[in-house]
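Below is one structure; the comments refer to it alone.
The values are calculated or read from the model by the stated rules, or taken from the named source; none is laboratory data. Owing to the predicted nature of the structure, the values given are computational and were not obtained by experimental measurement. Here Cβ is always computed from backbone atoms with ideal geometry, including for glycine, and neighbour counts include all displayed protein chains.
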């Protein structure tokens, strides 16, 4: 183990937190330098390795750093979930009032005080960063170039969509996804043009959160994640899995091009925010409770997506997520113009 040395795990203050984290943080770490799989499982994520140039005692090469990012994401989801359930719980209604109890259970937001606090922080970051970038992008960038950026981002996501199509047993949609990817990556010049849609092969979106729903996994309570916005435990796990199985992220991590992952995420965030500027502005302006409106719209969108229905015109909630295909984007713009 060249340039590696053991350190006592308890010297890392996050050791006992990481030790109990579920996969991928503990089980999915594979490194040829460490020969014993059980040793990998026992100690990855617990901070038991120290290499030159490492962070928190984690690996110094690009693969290690990628796993560290995933571990940090899982930890963030874990901590937010625990905070929502224990740090700021909503007060349950009087059990003697069945209507209030039914409404409380239907809302399924036991950590509402903590969620509202995180939502407020996200809104502040949105107003300070995303909107100031999205406004000039929408107003100054020609629509032609905006469409090309959107098409490239959608094409890069095709492998993840295909993976989830297969896991859901949607073989026809999986074949359509492969055909779209091959056409757009070749005739469409690496995804710059959505030729497949022009040929009548419509696109769709899938993610592992939807796959878990198809498998019958309950969504769990509503949570608001820092930066990522509205979610639930099922979708949060799905987001991590989608990150891990994305070939683009694997390529970037293995070739030390991590900036490509950040650039792609930033481009998607700006593209999403620019597409729905007016819609969200109007929603915030006329909503009596913007937080509750976003919560409701998020759930409606997820129900539509899980059932393979057309997403709501107001489908995006503030946060970093996956964007719509071109047709959905145009539908949203048209829906706002006709209001």
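At pLDDT below 95 and on the phi > 0 side of the Ramachandran plot, is that true of residue 256? Yes: the conditions hold for residue 256. Quick check: anything in the range 266-289 surrounded by 20 or more Cβ atoms within 10 Å (Cβ to Cβ), touching a helix residue (DSSP H, G or I) at 6+ places or on another chain (Cβ under 8 Å), part of a loop (DSSP other than H, G, I, E, B) and modelled with pLDDT of 85 or more? Yes, there is a match, as at least one residue in the range 266-289 is surrounded by 20 or more Cβ atoms within 10 Å (Cβ to Cβ), touching a helix residue (DSSP H, G or I) at 6+ places or on another chain (Cβ under 8 Å), part of a loop (DSSP other than H, G, I, E, B) and modelled with pLDDT of 85 or more. Scanning the range 183-225 for residues that are farther than 30 Å from residue 112 by Cβ, in contact (Cβ under 8 Å) with a residue 12 or more places away in the chain and part of a helix (DSSP H, G or I) returns 183, 184, 185, 195, 196, 197. Here residue 169 passes the criteria (1) within 13 Å of residue 267 (Cα to Cα); (2) not in a helix (DSSP H, G or I) except the one numbered (1).
Of all the criteria given as (1) within 30 Å of residue 181 (Cβ to Cβ); (2) at pLDDT below 95, the one not satisfied by residue 155 is (2).
Which one is surrounded by the most Cβ atoms within 10 Å (Cβ to Cβ) among residues in the range 93-137 that are at pLDDT below 65 and part of a loop (DSSP other than H, G, I, E, B)? Here the answer is 93.
Taking the range 254-265 as the search range and keeping residues that are touching a residue at least 60 places away in the same chain (Cβ under 8 Å) and within 18 Å of the chain's Cα centre (by Cα), which one is surrounded by the most Cβ atoms within 10 Å (Cβ to Cβ)? That would be 264.
From 85, 79, 73, grab the single residue that is touching a helix residue (DSSP H, G or I) at 6+ places or on another chain (Cβ under 7 Å), modelled with pLDDT under 70 and over 30 Å from residue 180 (Cα atoms). It would help to see each step written out before you state the result.
Values: 85 fails: touching a helix residue (DSSP H, G or I) at 6+ places or on another chain (Cβ under 7 Å); 79 fails: touching a helix residue (DSSP H, G or I) at 6+ places or on another chain (Cβ under 7 Å).
On inspection, the qualifying residue turns out to be 73.
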